[in-house]
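So the structure is just underneath, and the comments pick up after that.
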Amino acid sequence: MIKERLVSIKSTLPQHVTLVAVSKTKPVEFIREAFEAGQKSFGENKVQEMEQKHQQLPADIDWHLIGHLQTNKVKYIAPFVKLIHSVDSEKLLKEIDKQGAKAQRVIDCLIQVHIAKEETKFGMSYEEAGSFFERKVFENYPYTRVKGLMGMASNVADESVIRSEFRGLKKFFDSLNERGFGLEILSMGMSHDYKIAVEEGSTMVRVGSAIFGER
Ligand SMILES: *Cc1c(COP(=O)(O)O)cnc(C)c1O
């Protein structure tokens, strides 16, 4: 079942879009099944859960941290995490840099931008993110590499709202690249809205329930 769902989702994605299979709350057996079907990237939103799964599963899985990250937990994932999607402050980037230095590896990160109407979603405002790039904050942190942006659209039925939020983030992404920031990854789209996200320029989708079933 997992394999069939993966194949079907992948067949709808353009070549340049990376699929991150969001495995949060799901057992390692599910991840193993997806991995054996050729899926390499998995997303988790909790540090402890990711760490435990990492220990139990093949070492060549790429682990993506997609949820809110507390500074005191960075040390647990710094040695192995592939990409942190949820950097929302300089304080957090600084800690990732510190732990990257300790682990002797450069850690790839995305800046999470708050694009939804809901108050509860994490991320920098456009204004904060703009200033973050303008001030070239990341130049102080050589053990991090800011590779792009992540955003979550509002959880609403109205597709036009979702589409315009994704379109806004893509526009911001393009404007940063016009200014020479060389961003490669635009992480947007989940199970219910990844098709819209891809149409609006996403290069990385984070799909959970459409692969592994409802949580
Ligand atoms: C859980 C989660 C997803 C996947 O959600 P689905 O609706 O299961 O596809 C994607 N991104 C983030 C940040 C998440 O927390």
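Values quoted throughout were computed directly from the atomic coordinates according to the rules given, and no laboratory measurement underlies them. Given the structure is predicted, the values throughout are model-derived calculations rather than measurements. Backbone-built Cβ (ideal geometry, glycine too); neighbour counts: all protein chains shown.
Of the listed requirements (1) under 25 Å from ARG215 (Cα atoms); (2) touching a strand residue (DSSP E or B) at 6+ places or on another chain (Cβ under 6 Å); (3) surrounded by 19 or more Cβ atoms within 10 Å (Cβ to Cβ), VAL198 misses just one: (2).
Of all residues in the range 95-134, those being of a type in the set (Asp, Glu), in contact (Cβ under 8 Å) with a residue 24 or more places away in the chain and not in a helix (DSSP H, G or I) number 2.
Scanning the range 135-150 finds one or more residues that are within 14 Å of the ligand (Cβ to nearest atom) and either assigned to a strand (DSSP E or B) or over 19 Å from HIS114 (Cβ atoms) (or both). Would you pick out the residues in the range 64-88 that are touching a residue at least 24 places away in the same chain (Cβ under 8 Å) and among the polar types (S, T, N, Q)? Correct list: THR71, SER86. Within the range 10-43, restricting attention to residues that are among the β-branched types (Val, Ile, Thr) and in contact with a strand residue (DSSP E or B) (Cβ under 7 Å, 6 or more places away or on another chain), the residue that is farthest from HIS54 (Cα to Cα) is VAL17. Among the residues of the range 168-215, those that are of a type in the set (Gly, Ala, Ser) and within 14 Å of the ligand (Cβ to nearest atom) comprise SER187, GLY189, SER191, ALA197, SER202, GLY208, SER209, ALA210, GLY213. Considering the range 177-215, and only residues there that are part of a helix (DSSP H, G or I) and hydroxyl-bearing (Ser, Thr, Tyr), the residue that is nearest to PHE42 (Cα to Cα) turns out to be SER209. If I ask for residues that are closer than 15 Å to ARG215 by Cα and assigned to a helix (DSSP H, G or I), which ones from the range 7-48 would you list? Those that are closer than 15 Å to ARG215 by Cα and assigned to a helix (DSSP H, G or I): VAL28, PHE30, ILE31. Could you tell me whether the range 160-176 includes any residue that is free of Cβ contacts under 8 Å to residues at least 40 places away in the same chain, more than 29 Å from PRO79 (Cβ to Cβ) and not in a helix (DSSP H, G or I)? Checked against the condition, which is being free of Cβ contacts under 8 Å to residues at least 40 places away in the same chain, more than 29 Å from PRO79 (Cβ to Cβ) and not in a helix (DSSP H, G or I), the range 160-176 yields no hits at all. Applying the condition of being crowded, with 20+ Cβ neighbours inside 10 Å and under 19 Å from the mean Cα position of the chain (by Cα) to the range 134-146 and asking which residue is farthest from ILE96 (Cα to Cα) yields VAL146. You will find that of THR12, THR18, the residue that is within 15 Å of VAL207 (Cα to Cα), away from the ligand (no atom under 13 Å from the Cβ) and buried (at least 16 other Cβ atoms within 10 Å of the Cβ) is THR18 and no other. Note on the range 32-87: among residues that are away from the ligand (no atom under 16 Å from the Cβ) and among the β-branched types (Val, Ile, Thr), the one that is nearest to SER125 (Cα to Cα) is THR71.
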